[in-house]
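The values are calculated or read from the model by the stated rules, or taken from the named source; none is laboratory data. Keep in mind it's a predicted model, so treat the numbers as computed, not measured. Note that each Cβ is placed from the backbone with ideal geometry, even for glycine, and that neighbours are counted across all protein chains shown.
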Amino acid sequence: MKLGVLQAMILLGWMICSSSIESHKVVKLRGSEGCILFPIIFSGTNAIALPTTRLKDVRRGGDEEMYVKEFIGCIGDMVLSFTAFDICCEGDGVFEAVFVREMKKHLQKVSNDALSVYARGKSTLSEVLLMVYDRLFECDVRDEGKRRMTVFGKCLISEADRMIREIGDDVDEKEREERENFCNVIKKRGEKCCNLKMWKRIVYAESVVCNASVSLYNKLSGEELLGLLAEGCMRKDFKEEGVSEEELNDRGYMEYSIVDIKLFLDTYIKHGCEVVEEIVRQMMLGKDGREIDSKYVEKVVRVVDERRRRREMEASRHAAELLGEELSGKKSKGKSKGKKSKRKSDGKTDKKGPSVSREEERAYKESKASESPDEELAGAVGGVSIEDHRPKRSDRRYRIHKRVSVWMRDASSIKRALDGGREEKWKGKSIEDIERQKITHDIIEVVRLLESCDADLFFMDARTSVKDGVERSRRVAVGVLEVSGERRVGVVEAVSFKDKNGQDVIYHLMFRETVAQEIGGVMNQGISPESEMAGDSSVECSGSEGVFEYAPGTRCEVSQDTHRFVVTWKNPRNTSEVLKRLTVVCRPETI
């Protein structure tokens, strides 16, 4: 992937004085003041650098390291292209020359400094991005003659005034009006460059976004991070703009959103970090920043307050349980001592137990009280916990292809079936290889979730593929596979096709371990022989006498609540021994 300055400008909507660049623009911006950047660098659909990523965290010597360095090497141009894409006017070489003369060296220095700092390996991507904003717009520079944006803006105004003065008397009235209007637009853009107050707001807003992103990513678990990136808003914007897969894979980009900067900053000042983090999270999930108004902010505030209230209730409940255990222990201890001795002072026994404060008693009662959540907020905060929730089955039914059901057998039987099958890639596999593959392929219980009405709450539609003239639909959900004490984060993928009778047939089903940086590629690739080979651990089963055993025909336990679908495989002869557990997590909540 070549990622020069020009290509970055084409992708990110950079509008300078070139009709050729404008004709290739694929991202439409509706106002520079409202544009904020999220500190994530994507290559194609994969996130190669997250807000907390340092260069030393990127795989050394690989393409990712090269792409990140190339991107940082033109980050000054990229930031300006987002925040001030309209400061130059296409179609006139005079103003383009002013831009090159006044800004080119400054932008290159900002980018070089950023690359130098990032290459040391101590600064995160979000820290480097904030450094770029500070050095590009120089809001702390008091001398206007040294602040490049102000110098550039004054040059634009001066050139526009000169062009107006040089309009000859022989020019007809219509053409004169067009030229004057054009120059007046340039003067307004020059004034914008000189507007220090506006640039301070933009830099402040970006610092809030970066800090919120870092805080958010530090809090997310591995599976939550996968879910967030899988439904990232940037890919949706590209699809809406009709960008081809080749264009997307050949470029690097950052996620962005257009918001009301004043409202965004007022929200931060009034409601604090937690509310802003949720707004940033929702924009990363695809919420259009232009749709965020005061009503939406208030809804987010209510959601955050409800989550906080539930956390406090849970903490109170936990404290009350600990207090109850402590009181119970002291009471039993006191009784045992009372049988052996009496009080020495007056011979009376103390019938009262340890005192409990009113605050502790009230906290305990509140923790036991069941309160109905706001229906409007239920989806965002997770709704009511339903331990014995059983999903209603939908009208969809799947047939299971034998290449999926074969993994339910023991390893020796699987080997015989694969060796006698038609797929060459499976023939000749050792028992050890088959045991490793069985761990990730033997998850047929997930079909129960696919057939339920809740399927869309867990599974996302991924890229379809065509093989032998048959279209295969692919659905992906984020999950966690726990085997022998090892916790693997990844995706559960199910591939199906319609048979001649129009019934859906599951042709491929497996868990695939995936890192956050690769989730975009996983979501956008079709089924391949490599994707059907995964896993590197084996399971040893041992029996035991005198323990609880599964009934004949039972091989696992399945449970579901509003947040997760869990399948637990235990040793049939000793159900206290967990062989593996697969947890399919619900898709991120949207507000």
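Could you say whether any residue in region 139-150 is assigned to a loop (DSSP other than H, G, I, E, B), in contact with a strand residue (DSSP E or B) (Cβ under 9 Å, 6 or more places away or on another chain) and in contact (Cβ under 8 Å) with a residue 60 or more places away in the chain? Quick ask: steps written out before the conclusion?
First, pick out the residues of region 139-150 that are assigned to a loop (DSSP other than H, G, I, E, B): 139-147.
Now restrict to residues that are in contact with a strand residue (DSSP E or B) (Cβ under 9 Å, 6 or more places away or on another chain): none.
Among the residues of region 139-150, not one is assigned to a loop (DSSP other than H, G, I, E, B), in contact with a strand residue (DSSP E or B) (Cβ under 9 Å, 6 or more places away or on another chain) and in contact (Cβ under 8 Å) with a residue 60 or more places away in the chain, which makes the answer no.
For region 87-119, which residues satisfy the criterion of being surrounded by fewer than 18 Cβ atoms within 10 Å (Cβ to Cβ) and modelled with pLDDT of 90 or more?
Restricting attention to region 87-119, the residues satisfying the condition of being surrounded by fewer than 18 Cβ atoms within 10 Å (Cβ to Cβ) are 90-94, 96-97, 100-101, 104-105, 108-109, 112-113, 116-117, 119.
Hits for region 87-119 are Arg101, Lys104, Lys105, Gln108, Lys109, Asn112, Asp113, Ser116, Val117, Ala119.
State all residues of region 446-467 that are hydrophobic (A, V, I, L, M, F, W, C), in contact with a helix residue (DSSP H, G or I) (Cβ under 7 Å, 6 or more places away or on another chain) and surrounded by fewer than 17 Cβ atoms within 10 Å (Cβ to Cβ); if no residue qualifies, say none.
Once the filter is applied, which keeps residues that are hydrophobic (A, V, I, L, M, F, W, C), in contact with a helix residue (DSSP H, G or I) (Cβ under 7 Å, 6 or more places away or on another chain) and surrounded by fewer than 17 Cβ atoms within 10 Å (Cβ to Cβ), region 446-467 yields only Met460.
Residues Ile439, Ile443: which one is buried (at least 20 other Cβ atoms within 10 Å of the Cβ), part of a loop (DSSP other than H, G, I, E, B) and not basic (Lys, Arg)?
Sole residue among the options that is buried (at least 20 other Cβ atoms within 10 Å of the Cβ), part of a loop (DSSP other than H, G, I, E, B) and not basic (Lys, Arg): Ile443.
Just give me the residues in region 220-236 being surrounded by fewer than 19 Cβ atoms within 10 Å (Cβ to Cβ) and touching a helix residue (DSSP H, G or I) at 6+ places or on another chain (Cβ under 8 Å), in sequence order.
Leu220, Gly222, listed by residue number.
Mind checking whether some residue in region 490-504 is part of a helix (DSSP H, G or I), of a type in the set (Asp, Glu) and touching a residue at least 12 places away in the same chain (Cβ under 8 Å)? Show your work before the answer.
Start the filter on region 490-504 by keeping residues that are part of a helix (DSSP H, G or I), which leaves none.
No, the conditions are met nowhere in region 490-504.
Which count do you get for residues in region 567-591 that are buried (at least 17 other Cβ atoms within 10 Å of the Cβ) and either in a strand (DSSP E or B) or at positive phi (or both)?
Matching residues across region 567-591 total 13.
Only one residue in Ala47, Ala84 is crowded, with 21+ Cβ neighbours inside 10 Å and either among the acidic types (Asp, Glu) or over 22 Å from the mean Cα position of the chain (by Cα) (or both). Which one? Quick ask: steps written out before the conclusion?
Numbers: Ala47 fails: either among the acidic types (Asp, Glu) or over 22 Å from the mean Cα position of the chain (by Cα) (or both).
On inspection, the qualifying residue turns out to be Ala84.
Out of region 151-167, which residues are of a type in the set (A, V, I, L, M, F, W, C) and assigned to a loop (DSSP other than H, G, I, E, B)? Before the answer, list the steps.
Going residue by residue through region 151-167, those that are of a type in the set (A, V, I, L, M, F, W, C) are 151-152, 155-157, 160, 163-164, 167.
Answer for region 151-167, where residues must be of a type in the set (A, V, I, L, M, F, W, C) and assigned to a loop (DSSP other than H, G, I, E, B): just Ile167.
With the checklist (1) touching a Phe, Trp or Tyr at 6+ places or on another chain (Cβ under 9 Å); (2) buried (at least 20 other Cβ atoms within 10 Å of the Cβ); (3) modelled with pLDDT of 90 or more in hand, flag the one item Val505 doesn't pass.
The one condition Val505 does not meet is (2).
Name the residues in region 168-213 that are β-branched (Val, Ile, Thr) and either surrounded by 15 or more Cβ atoms within 10 Å (Cβ to Cβ) or in a helix (DSSP H, G or I) (or both), would you?
Kept after step one, since they are β-branched (Val, Ile, Thr), are these residues of region 168-213: 171, 185-186, 202-203, 208-209.
Answer for region 168-213, where residues must be β-branched (Val, Ile, Thr) and either surrounded by 15 or more Cβ atoms within 10 Å (Cβ to Cβ) or in a helix (DSSP H, G or I) (or both): Val185, Ile186, Ile202, Val203, Val208, Val209.
Pull up region 270-292, narrow it to residues that are touching a helix residue (DSSP H, G or I) at 6+ places or on another chain (Cβ under 7 Å) and among the acidic types (Asp, Glu), then point me to the one that is farthest from Ile258 (Cα to Cα).
So the residue we want is Glu274.
Just need a number here: residues in region 91-132 that are under 20 Å from Ile40 (Cβ atoms), in a loop (DSSP other than H, G, I, E, B) and not charged (D, E, K, R).
Number satisfying all stated conditions: 3.
Return the residues of region 129-150 that are in contact with a Cys (Cβ under 9 Å, 6 or more places away or on another chain) and surrounded by fewer than 17 Cβ atoms within 10 Å (Cβ to Cβ); say none if nothing qualifies.
Glu144
Which condition number in (1) touching a strand residue (DSSP E or B) at 6+ places or on another chain (Cβ under 9 Å); (2) modelled with pLDDT under 85; (3) assigned to a helix (DSSP H, G or I) is the one that Met78 fails?
It fails just one condition, (2).
Residues that are at pLDDT 90 or above, under 22 Å from the mean Cα position of the chain (by Cα) and not assigned by TED's automatic domain parsing to the domain that holds Cys35: which helices (runs of 4 or more DSSP H) entirely in region 242-344 hold 1 or more of them?
Working: elements: 245-249, 261-271, 273-284, 294-338.
Those helices (runs of 4 or more DSSP H) span 261-271, 273-284, 294-338.
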